[in-house]
Amino acid sequence: MDQSPPSSFDIEYHLQEIEKITAVLSRMPSDHLGPQGTTIPDIEWYALGAIKKAASLSHAFCTLVRAKNTLSAAALVRLQLDTAMRMFGLTLVEDVEAAGIWLMDDNIYRKLKARTGEPLSDAFLHRKLNEKYPGLSEAYEAASAYVHLSGRHIKTGLWSREGTKTLFFNLHGTDDTRPDEWFADIIDAFDQATRLTADLTSQFLNKRSRDRRKI
């Protein structure tokens, strides 16, 4: 039985929820591709790369939040969404096996095209995925503000001091004085991005597994 979340925001509880998703990711290869030593095509190697990247980003995110490194942790939301978008994009191409060969030869992802002819650019992918998951494009744009130097990097470091209207700017790399609640939105965004990545990767591999059984 899953533990109920505490009434007040608890960083550790929510980070452990993200780490549970990582455990699910680690089981996907054996669940969908077979035991170690199974020969798999290039496109499934690409999916393994998505699993590895999602797990690595989750580990980094949890480490950064525990260190109260807001800006670096927030930027990882965008990177996790990128992985989800690229796995989704594979469902849009005409020849997924050819796409796998193309990608594993270190060619550029955005030069792949959807069956309708559009290049699989980031803009196309997040708008297309937003049709299935409303709000994704908004989350993508918000997360992008932490990747490229922007006003977010200033506003995140501003804080007030009791007894004065003056705002102070924190130049340190971490936000040690911030309460746990300060990280709630970032953690929620990363949790959703990680769940989406896990779901899309699982759906992709599960479909391929079903298709193999039909042969």
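For Glu94, what is the net charge nearby, where nearby means another residue's Cβ is under 11 Å from its Cβ and Lys, Arg count +1, Asp, Glu -1? Mind dumping the intermediate values first?
Values: positive: Lys113, Arg115; negative: Asp95, Glu97.
Surrounding charge for Glu94 is 0.
Within the listed set His14, His172, His32, the Gaussian network model of the chain (springs between alpha-carbon atoms below 10 Å) gives the highest mean-square fluctuation for His172.
Pairs of Lys residues in the range 1-129 are counted when their Cα atoms are under 25 angstrom apart and they lie 8 or more places apart or on different chains; the count is 13. Among rounded, prolate and oblate, which fits the range 54-117 when a ≥ b ≥ c are the square roots of the eigenvalues of its C-alpha gyration tensor, a/c under 1.5 means rounded, and a/b larger than b/c means prolate? Prolate shape, in that a/c is at least 1.5 and a/b is the bigger ratio.
Here each label is just a point 7 Å from Cα along the line to Cβ, and for Glu94 and Thr39 those points are 2.8 nm apart.
Each of Thr201, Ile186, Thr164 was placed along the dipole of the chain (beta-carbon charges, centred on the mean Cα), and the one lying farthest toward the positive end is Thr201.
Report the FRET efficiency, 1/(1 + (r/R0)^6), for Leu71 and Asp31, where r is their Cβ-Cβ distance and R0 is 41 Å, rounded to 0.05.
0.70
Within the listed set Gly173, Gly37, Gly163, the residue fluctuating most in the Gaussian network model of the chain (springs between alpha-carbon atoms under 10 angstrom) is Gly163.
Highest mean first, the peptides 204-211, 189-196 sorted by other C-beta atoms within 10 Å per residue fall in the order 189-196, 204-211.
GNM, the chain, Cα, under 10 Å: largest mean-square fluctuation among Ser121, Ser144, Ser30? Top of the fluctuation ranking is Ser30.
Please work out whether the range 30-161 counts as rounded, prolate or oblate from its C-alpha gyration tensor, where a ≥ b ≥ c are the square roots of the eigenvalues and a/c under 1.5 means rounded, while otherwise a/b larger than b/c means prolate and anything else oblate? List each step's numbers first, then the result.
On the way: a/c = 2.73, a/b = 1.57, b/c = 1.74.
It is oblate, given that a/c is not under 1.5 and a/b is not larger than b/c.
Each label was represented as a point 7 Å from its Cα along the Cα-to-Cβ direction; for Thr166 and Ser150 these points are 3.1 nm apart. Computed per residue of the chain from DSSP H runs no shorter than four, each worth -39500 (n - 2.57), the mean residue ellipticity at 222 nm is -21000 deg cm²/dmol.
A DSSP coil position with no more than 15 other Cβ atoms inside 10 Å describes the following trypsin sites (Lys or Arg not before Pro) in the range 40-137: Arg115.
Given R0 = 22 Å, the distance between the Cβ atoms of Ala23 and Asp211 translates into a calculated FRET efficiency of 0.25. Placing +1 on the Cβ of every Lys and Arg and -1 on the Cβ of every Asp and Glu, with nothing else charged, gives the chain a dipole about its Cα centre of roughly 460 debye. Applying a length cut-off of 27 Å (Cα extent along the axis) and a mean Kyte-Doolittle floor of 0.0 to the DSSP H helices of the chain leaves 42-66, 70-89.
A short reminder: the numbers here are calculations on the coordinates, not readings from a lab. No experiment lies behind these values; they were computed from the predicted model shown. Cβ sites come from the backbone with ideal geometry, for glycine too, and all protein chains shown count toward neighbours.
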